[in-house]
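The values are calculated or read from the model by the stated rules, or taken from the named source; none is laboratory data. Quick caveat, the model's predicted, so the values are computed rather than measured. Glycine also receives a Cβ, built like all others from the backbone with ideal geometry; neighbour counts cover every protein chain displayed. Areas reflect the complete protein model, heavy atoms only, side chains present, ligands, DNA and RNA absent. Shrake-Rupley method; radii C 1.70, N 1.55, O 1.52, S 1.80 Å.
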Amino acid sequence: KTGHFTYDPGFTSTASCSSKITYIDGDEGILLYRGYPIEQLAEKCDFLEVSYLLLKGELPNGAEMRRFVGDVGQHVMIHEQIARFYSGFRRDAHPMAILVGVVGALSAFYHDAIDIYSVEDRNLTAIRLIAKMPNIVAMSYKYSTGRPFMYPKRKLGYAENFMRMMMGDPCDDYIANPVLVRALDRILILHADHEQNASTSTVRLAGSSGANPYACVAAGIACLWGAAHGGANEAVLNMLEHIGDVSKIPEYVAKAKNKNDSFRLMGFGHRVYKNYDPRAKLMRQTCHEVLDELNLKDDPLFKLAMELERIALEDEYFVEKKLYPNVDFYSGIVLRALGIPTEMFTAIFALARSVGWIAQWDEMISDPEQKIGRPRQLYRGVSTRDVKTISQR
Ligand code: SDX
């Protein structure tokens, strides 16, 4: 688990790709970004440092960080014509639908200017995406409220800038609570990358054809939207509000265990983690910090969540199937405490994951051995047969 990793031949034969970016051990509950434990990164770094790490493979020193922050700052502005895309959407459009459209449309702005086989162009693409996503995401919220879009301020940190563009307005100076800013920054770090999850695999597959990277990221956003994936944090809050009262928990836990019932406990289980998701532990800690800071410990929804976690973790079905709370179980509660509307939760997941997507895309495109992805299938249809004319059918 440390030093040089040796591959189990059986594992590599089933692996969809090889990568040096993120390592997960689902049985041990280990998550490493470029070899660094997520627990240490969440404690000692901010999101832009982690972004640099995912992209470059090393944590930046002081001079490298100043240069990176400066580069991102140069590209935070959104072309005024891009702002006009939003007016084509209904005000009640889901933010993820808007993000798929607007991020995909960035390829119309930067299509001809990108040679995906040029290191410089790929670096610029990554910088542009990291720089513009906070504003694009914040604008999808502001548009839904009819309140004015905000311009970013280069002197603010990444998470603080996003909170100001989301929650502030031009009439006054929005001063973000530093505890809440740090909590959001940690949410972004914990969601930045996660090996070959469904949306990252989507970005890699789309990118393997040589498609424009912004269009590939838009494909990743579309995949992340699903409730089984990135849509889970929004689904957790909807589920908690639907359960409504602690007394109803046993009824819903029973539904989740019933194979004939489609109900699933949102925020529980994982394709890979058969131990506690290490991000969930950190998210739970952040949850307590935020609720303490905001004096929301008696928040009925949080108390309901804690009771659901306690009951599920004691239930033999969940214990036997190794269904632990995942990162989405707590992130939704933290985002709600930050005053962020439920429909924005997955958009914030996409904001964070866009760094992992572009880092994984870059790793794939820069591999000289890379070929177009072409998954095969197990054909289970009918065998060869002759066509009868319609009069014979
Ligand atoms: C993310 O891949 C990634 O890395 C994703 C992600 C990332 O960072 O990119 O980590 C982010 O997507 C986290 C997961 C968020 N999704 C949810 O919280 C939605 C609720 N979770 C379930 O939908 C489910 O757990 C999945 C989709 C996450 C995983 O489903 P699997 O692959 O079926 O899980 P499994 O094989 O471990 O299931 C074992 C059993 C199955 O029953 P049997 O077929 O053995 O009878 O447990 C059951 C499942 O039906 N089960 C659940 C359950 N999750 C799995 N039963 C009730 N409630 C649940 N939440």
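Okay, here's what the table says:
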quantity: Greater than 23 Å apart at Cα, pairs in 44/321; 297/321; 257/322; 255/322; 255/321; 274/297; calculated: 44/321; 297/321; 274/297
quantity: Residue of 85, 68, 149 that the Gaussian network model of the chain assigns the largest fluctuation, springs spanning Cα pairs under 10 Å; calculated: 85
quantity: Residue 311-residue 124 FRET efficiency (beta carbon distance; Förster radius 56 Å; 0.05 resolution); calculated: 0.65
quantity: Peptides 277-288, 238-249 ordered by average Cβ neighbours within 10 Å, highest first; calculated: 277-288, 238-249
quantity: The stretch 75-118 and the stretch 285-348: distance between their alpha carbon centers, rounded to Å; calculated: 32
quantity: Straight-distance crosslink candidates among aspartates and glutamates, where the alpha carbon sits under 20 Å from residue 142 and sequence neighbours closer than 8 are dropped; calculated: 80, 92, 160, 169, 172, 173, 234, 343
quantity: Projected label distance in nm at residue 263 and residue 385, using a 7 Å step from Cα toward the beta-carbon; calculated: 4.2
quantity: For residue 268, distant residues with modelled amide H under 5 Å away; calculated: 326
quantity: Percent accessible area from carbon and sulfur atoms, the chain, protein chains only, probe 1.4 Å; calculated: 52
quantity: Gyration tensor over alpha-carbon atoms, the stretch 112-243, equivalent ellipsoid semi-axes in Å; calculated: 27, 22, 14
quantity: Rel. contact order, % - alpha carbon contacts under 8 angstrom, at least six apart, the chain; calculated: 23
quantity: Sequence ranges 180-187, 360-367, ranked by mean other-Cβ count within 10 angstrom, highest first; calculated: 180-187, 360-367
quantity: Candidates 368, 134, 341, ranked by Gaussian network fluctuation over the chain, Cα under 10 Å, top entry; calculated: 368
quantity: Where the stretch 148-291 is the region considered: accessible area per residue in Å², 1.4 Å probe; calculated: 41
